[in-house]
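Asks: After the structure tokens below, expect a handful of questions from me.
All of the numbers you see were taken from the coordinates with simple rules; none came from a lab. These numbers come from a predicted model, not from an experiment. Here Cβ is always computed from backbone atoms with ideal geometry, including for glycine, and neighbour counts include all displayed protein chains.
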Amino acid sequence: MSAHSSRIALITALTCAVLLSVAFYLEFVSGLIPCALCLAQRVMFGLIGIACLLYLLPFYGSRLIFGLLSFGCSGLGIWLASRQLWLQSLPEDQLPACGPDIFFVLERFPISDSLKAMFFGSGHCAEVQWIFLNLSIPGWTLLFYVFTASVSLWLIIFRGPRPFRLFKS
């Protein structure tokens, strides 16, 4: 089982790269404007992909660290996608106020305010801009975050045998 962990990590990293490519396609070619939660979810997919690539390094001790990093980012991604789905399910009279867009906030406000706006979203995040097979973008990302969380658990559990050491240091 542990022999497949490297391949699974590589496939997960490639999946994250494809998902980020689709996000950039939807933004720059289709013209969809990402909200703050969408940008935060992109960051999580990028971190998961990087962690899975670093998992491929030939150091046994680092595999646990990068598996845990991937699992933590997947958990945060699940929370972000769930929050955006919750915002999309609210009636219009209960939506949070729409403030300035995230790019304006990033340019003019301190980083703490920018991160708060990015992680909690606003009324902009409640807008459904794209649907495929009855799921919006955060619905699809939630499915992929659950996938990456389960893959991360696999990578944590099945890291492979410890390398042989003649002398313990």
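Asks: So if each residue of separation counts as 0.36 nm, and I subtract the Cα-Cα distance between residue 56 and residue 39, what length gain in nm does that give?
Replies: So the chain would gain 3.5 nm between residue 56 and residue 39.
Asks: Test of understanding: what is the full-extension gain from residue 17 to residue 135, defined as 0.36 nm times their sequence separation minus their Cα-Cα distance? Let's see the in-between values first.
Replies: Working: separation 118, 0.36 × 118 = 42.48 nm, distance 2.08 nm.
Taking 0.36 nm per residue and subtracting the Cα distance, the gain is 40.4 nm.
Asks: Taking 7 Å along the Cα-to-C-beta vector as the label spot, tell me the residue 157-residue 32 distance in nanometres, rounded to one decimal.
Replies: 3.3 nm
Asks: Still on this structure, I have one more. Using θ = phi - 60° and the Karplus form 6.51 cos²θ - 1.76 cosθ + 1.60, what ³J(HN,Hα) does each residue of region 28-40 get, whole Hz, x for Gly and Pro?
Replies: Once rounded to whole Hz, the list reads 8, 9, 7, x, 6, 9, x, 8, 5, 5, 4, 5, 5.
Asks: Let me ask something else. Which FRET efficiency value, to the nearest 0.05, do you get for residue 10 and residue 146 by plugging their Cβ-Cβ distance into 1/(1 + (r/R0)^6) with R0 = 30 Å? Display every interim value, and only then the final one.
Replies: Working: r = 20 Å, r/R0 = 0.66.
Here the calculated transfer efficiency is 0.90.
Asks: If you average the sequence gap of Cα pairs under 8 Å that are 6 or more apart and divide by the length of region 1-90, what percent do you get for the contact order?
Replies: Dividing the mean separation by the residue count of region 1-90 yields 31 percent.
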